[in-house]
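The values are calculated or read from the model by the stated rules, or taken from the named source; none is laboratory data. Keep in mind that this is a model prediction, so the values were computed, not measured. Glycine also receives a Cβ, built like all others from the backbone with ideal geometry; neighbour counts cover every protein chain displayed. To get the accessible areas, we keep the full protein, side chains included, count just its heavy atoms, and leave off ligands, DNA and RNA. Shrake-Rupley method; radii C 1.70, N 1.55, O 1.52, S 1.80 Å.
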Amino acid sequence: MAEHIRKPGVLITGANGEMGHGLIEQLAKNGSMHIIALDVRPIDESLKKYCSTTIVGDILEARLLERMQSEYEIHTIYHLAALLSTRAEFTPEAAHRVNVEGTLNLLKIAIEQSRWHGQPVKFIFPSSIAVYGLPNKEAKKQAGKVKEGEWNYPRTMYGVNKLYCEHLGRYYANHYRQLAADTDAHGVDFRSIRFPGLISATTVPSGGTSDYAPEILHAAAQDKPYACFVREDVRIPFMAMPDAIVATLKLEGATREQLTQSVYNITSFSPSAGEVRDIVRREFKNAQTSFSPDDKRQAIVDSWPEDVDDSAARRDWGFVPEYDLARAFNEYLIPGIRKRYA
Ligand code: AKB
């Protein structure tokens with residue numbers, strides 16, 4: 001029977017991205033199921049040893065998805081593939097295809113897979129603070145810690161896509177084909193985290209708008225001048241990559257009963273761009289960071305909240321970040337980045 005031929009595993013899309021790197025290493029350490037890594041670019045050599053299968057392909061390719069459907073028995077999907085907020089503004093329609101149609105394709109795989117093996121497929125979806133849209137700087141200042149249901153008026157295509165996909169996931173989990181005689185109740189167990197900007201010591205982001213913080217750090221560590229594209233005083237939430245990975249796995253590991261909502265805010269610290277520059281300059285004395293705001297990218301960051309309320313994640317599944325601002329830089333980012341560029 002087909003079930004006996006297909007290999008059980010966890011599928012990671014966008015495996016080559018910043019989060020994919022950390023997640024795959026951690027999943028391999030935890031020794032869970034076979035790791036099936038999918039990306040449009042060939043998977044980095046450093047990751048291959050952790051994966052049972054690496055696939056180069058596009059989540060929009062029907063033939064590839066059909067092949068995956070027939071070859072693997074998938075129990076969990078970490079759907080990380082996306083075009084981020086800055087890149088998406090250059091090609092909004094392409095972003096819609098990748099971010100929305102791609103997600104729909106993966107949700108269909110999840111439904112189909114659960115039919116075959118008879119268990120719900122966990123669908124872990126990284127969403128973003130980009131789903132929020134504050135209309136102006138005054139509103140942003142006054143908003144304080146924004147809750148999941150507030151200010152859901154994204155300014156970017158990426159934010160629009162993420163917000164819609166959160167709803168798609170909720171629909172697939174709770175109401176899919178609700179009028180059919182053979183409804184597939186609970187075929188997909190959809191769980192999503194709205195991530196703040198992420199900072200990693202080992203990888204450099206690309207295509208995002210929160211990228212300025214990691215860029216300040218990575219440029220300083222390489223002795224390169226860096227002109228920051230936002231104002232010194234701008235503030236949004238950030239998190240060190242290891243906390244993002246731990247949170248993802250923690251949400252995946254929570255029991256269904258623990259979860260009272262499908263989408264959760266999480267955060268660690270909210271430094272201004274100037275504060276990031278100051279911390280980095282203390283460590284890298286020759287850092288050449290200047291500020292040269294790009295009005296359009298600045299407007300995107302101005303529409304994102306200064307802080308988010310993550311009390312639901314703390315209450316429901318015990319989210320607690322290990323790294324506050326000082327620890328993130330002193331114990332993770334600075335030592336990690338010195339090693340990386342040594
Ligand atoms: C981006 O800047 O687009 C992402 C995000 C905040 O989701 N890093």
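Please find, among VAL100, VAL56, VAL40, VAL10, the residue that is open to solvent by 50 Å² or more (accessible area, probe 1.4 Å) and out of contact with any Gly (no Cβ under 9 Å at 6 or more places or on another chain).
From the options VAL100, VAL56, VAL40, VAL10, the qualifying one is VAL56.
Determine which single condition HIS175 fails, assuming it passes every other condition in (1) touching a strand residue (DSSP E or B) at 6+ places or on another chain (Cβ under 7 Å); (2) within 25 Å of ALA254 (Cα to Cα).
(1)
When residues of the stretch 127-164 are filtered for being assigned to a helix (DSSP H, G or I), open to solvent by 30 Å² or more (accessible area, probe 1.4 Å) and among the charged types (D, E, K, R), how many remain?
Summing the residues that are assigned to a helix (DSSP H, G or I), open to solvent by 30 Å² or more (accessible area, probe 1.4 Å) and among the charged types (D, E, K, R) in the stretch 127-164 gives 3.
For residues that are within 16 Å of the ligand (Cβ to nearest atom) and farther than 27 Å from LYS250 by Cα, tally how many sit in the stretch 64-91.
6
Answer with yes or no whether GLU61 is more than 16 Å from the ligand (Cβ to nearest atom), free of Cβ contacts under 8 Å to residues at least 60 places away in the same chain and acidic (Asp, Glu).
yes
Does ARG235 satisfy the criteria of being open to solvent by 60 Å² or more (accessible area, probe 1.4 Å) and within 14 Å of the ligand (Cβ to nearest atom)?
Details: open to solvent by 60 Å² or more (accessible area, probe 1.4 Å): yes; within 14 Å of the ligand (Cβ to nearest atom): yes.
Yes: the conditions hold for ARG235.
Somewhere in the stretch 184-192, is a residue within 21 Å of ASN136 (Cα to Cα) and touching an Asp or Glu at 6+ places or on another chain (Cβ under 8 Å)?
No, every residue in the stretch 184-192 fails to be within 21 Å of ASN136 (Cα to Cα) and touching an Asp or Glu at 6+ places or on another chain (Cβ under 8 Å).
Among the residues of the stretch 200-210, what is the count of those that are open to solvent by 10 Å² or more (accessible area, probe 1.4 Å), at pLDDT 95 or above and of a type outside the set (S, T, N, Q)?
1
Mind checking which residues of the stretch 284-327 are small (Gly, Ala, Ser), under 20 Å from the mean Cα position of the chain (by Cα) and more than 16 Å from the ligand (Cβ to nearest atom)?
Within the stretch 284-327, SER311, ALA312, ALA313, GLY318 qualify.
Of all residues in the stretch 59-83, which are part of a helix (DSSP H, G or I) and open to solvent by 60 Å² or more (accessible area, probe 1.4 Å)? Give the derivation first.
Step one: of the stretch 59-83, the residues part of a helix (DSSP H, G or I) are 62-71.
If the condition is that a residue be part of a helix (DSSP H, G or I) and open to solvent by 60 Å² or more (accessible area, probe 1.4 Å), then ALA62, ARG63, GLU66, ARG67, SER70, GLU71 are the ones that fit.
Considering only the stretch 120-135, state which residues are more than 16 Å from the ligand (Cβ to nearest atom) and under 19 Å from LEU249 (Cβ atoms).
PRO120, VAL121, LYS122, PHE123
Scan (1) open to solvent by less than 20 Å² (accessible area, probe 1.4 Å); (2) within 20 Å of the chain's Cα centre (by Cα); (3) in contact (Cβ under 8 Å) with a residue 60 or more places away in the chain for the single condition ILE216 breaks and write down its number.
Of (1) open to solvent by less than 20 Å² (accessible area, probe 1.4 Å); (2) within 20 Å of the chain's Cα centre (by Cα); (3) in contact (Cβ under 8 Å) with a residue 60 or more places away in the chain, only one is false for ILE216: (2).
Filter the stretch 299-323 down to residues that are among the hydrophobic types (A, V, I, L, M, F, W, C) and part of a loop (DSSP other than H, G, I, E, B) and give me whichever is surrounded by the fewest Cβ atoms within 10 Å (Cβ to Cβ).
VAL320
Okay, residues lined up against (1) of a type in the set (Ser, Thr, Tyr); (2) open to solvent by 10 Å² or more (accessible area, probe 1.4 Å); (3) over 13 Å from the mean Cα position of the chain (by Cα); (4) modelled with pLDDT of 95 or more:
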| position | (1), (2), (3), (4) |
| --- | --- |
| GLN178 | no, yes, yes, no |
| THR183 | yes, yes, yes, no |
| PHE195 | no, yes, no, yes |
| LEU198 | no, yes, no, yes |
| SER270 | yes, yes, yes, yes |
